[in-house]
Amino acid sequence: MVYPECLESVMPRAKSSQLQRMSKLDRFLGGAPLVGDETQEQYDAFRATILSQVSEPDVINELYLQDVVDLSWQIFRERKIKADVVLIFQQRVVERLLRTSHSNPEKPYEEQDQVYAILGSRADAQLWLGNRDARKRIDAELERRGFSPDIVLAFAKLEGRMELDAIEDRIAFYEARRMAAYDAIERRNEKAAEQLKRGVRIIEGECMQAAE
Amino acid sequence: MASDRQIAANRKNAKKSTGPSSEAGKRRSSKNAVRHRLASSNSRFPKEIVELARLLSGAPKDADPTFVSIDAADAQMTLVEVKKMKTETLGRFLKGDRTCDDTHQMNEELRKLDRYEQRALRRRKRALKAF
């Protein structure tokens, strides 16, 4: 089970009354930042679960609480995007290796299958991405040519390092911002901040477990 | 180097390049380079900003909110805009087949938005400390 489905494991804790909280501020917080297959129900339940960690926050802490909700949501999402981006670069590496490496390196270059190199490698790389059986077959073929799945992954991470670093930077930025939000809440209500940190850690842990 | 005749011709031609002449054309071209209004010094949601400022400072409905609460509210509304734009960028990326170039474009767009987000965050943090 992957994000955002894994968030459903924390949903039962959210009561319907908690979904209605913070109504005064709601219109100044923007809508739910949903993309891809994320749903409003998942976001509302996630938000309510985090908000339920702090009882009766003042209006300033409500702002910071919303930050914690959105940042936690974005951290989950960025981790999923990072996994996606690794796959995108893996696909590119697979295509290149299929195009440029040959099952029989002893054969002269002119005798290698050029049509496959141009057209087939791209089609096979697409199959590698979307078809489990094709992936097994292509992985085995590449392994025969000296490129195990681990090597392909390593090449993909090398090629995509600029983009992966950018995602890592965003995750680090969101985590730092979330810490700053905890600190700001703590300045106004120490106990609430502690409860919140503990609660978010538990929710994240449960999501991680569910995802595994 | 251009001859005197060429220079004179260039000047004559340049006089024809006066941009749009109709009011609608002028309005449209004034927005040519606008991709978002995050860098604008004009507040985009004046009514909402005043309402939020009142809420933050606890001021009554008919009282003027403090400057610091208006600053905090304006920064908050900018953050909401940035959140919306980031969501749109990620939404475009997650829609359909994704390539390495799409990944690069998404990261670039998000990086540009980060600048506005950080500026607004600093402003909001500074203002909210006053409460």
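The values are calculated or read from the model by the stated rules, or taken from the named source; none is laboratory data. Bear in mind the structure is a predicted one, so any value in this text is a computation, not a measurement. Cβ placement follows ideal geometry from the backbone for every residue including glycine, while neighbour counts extend to all protein chains displayed.
Worth pointing out:
- For segment A:76-100, residues that are acidic (Asp, Glu) and touching a residue at least 60 places away in the same chain (Cβ under 8 Å) total 1.
- Among residues that are facing another protein chain (nearest Cβ under 8 Å), farther than 30 Å from A:ILE60 by Cα, free of Cβ contacts under 8 Å to residues at least 60 places away in the same chain and surrounded by fewer than 21 Cβ atoms within 10 Å (Cβ to Cβ), B:THR99 is included.
- Evaluation of A:TYR109 against (1) farther than 30 Å from A:ILE50 by Cα; (2) more than 14 Å from chain B (Cβ to nearest Cβ); (3) modelled with pLDDT of 85 or more; (4) out of contact with any helix residue (DSSP H, G or I) (no Cβ under 7 Å at 6 or more places or on another chain) (one fails), failing number: (3)
- From the list A:ASP165, A:ASP169, the one residue that fits, being exposed (fewer than 13 other Cβ atoms within 10 Å of the Cβ) and within 14 Å of chain B (Cβ to nearest Cβ), is A:ASP165.
- Residues being within 25 Å of the chain's Cα centre (by Cα) and small (Gly, Ala, Ser) - total across segment B:56-103: 5
- All positions within segment B:111-131 that are facing chain A (nearest Cβ under 8 Å) and either under 14 Å from the mean Cα position of the chain (by Cα) or of a type in the set (Val, Ile, Thr) (or both): B:ASP114
- Qualifying position, being away from chain B (no Cβ under 14 Å), on the phi < 0 side of the Ramachandran plot and of a type in the set (Gly, Ala, Ser), among A:ALA134, A:ALA156: A:ALA134
- Residues that are loosely packed, with under 14 Cβ neighbours inside 10 Å and small (Gly, Ala, Ser) do not occur anywhere in segment B:115-128.
- Boolean, B:GLU108 is surrounded by 20 or more Cβ atoms within 10 Å (Cβ to Cβ) and out of contact with any Ser or Thr (no Cβ under 6 Å at 6 or more places or on another chain): no
- From the list B:ALA53, B:ALA73, the lone residue that is in contact with a helix residue (DSSP H, G or I) (Cβ under 7 Å, 6 or more places away or on another chain), within 11 Å of another protein chain (Cβ to nearest Cβ), modelled with pLDDT of 90 or more and within 28 Å of B:LEU110 (Cβ to Cβ) is B:ALA73.
- Output for segment A:32-67, where each listed residue is crowded, with 21+ Cβ neighbours inside 10 Å, under 17 Å from the mean Cα position of the chain (by Cα) and in a helix (DSSP H, G or I): A:GLN42, A:PHE46
- Counting only helices (runs of 4 or more DSSP H) that sit wholly inside segment B:19-122, those with at least 3 residues that are among the β-branched types (Val, Ile, Thr) are B:67-94.
- Applying the condition of being within 13 Å of chain B (Cβ to nearest Cβ) and under 30 Å from B:HIS104 (Cα atoms) to segment A:180-212 and asking which residue is surrounded by the most Cβ atoms within 10 Å (Cβ to Cβ) yields A:ALA181.
- The condition of being touching a Phe, Trp or Tyr at 6+ places or on another chain (Cβ under 6 Å) and modelled with pLDDT under 85 holds for A:LEU7.
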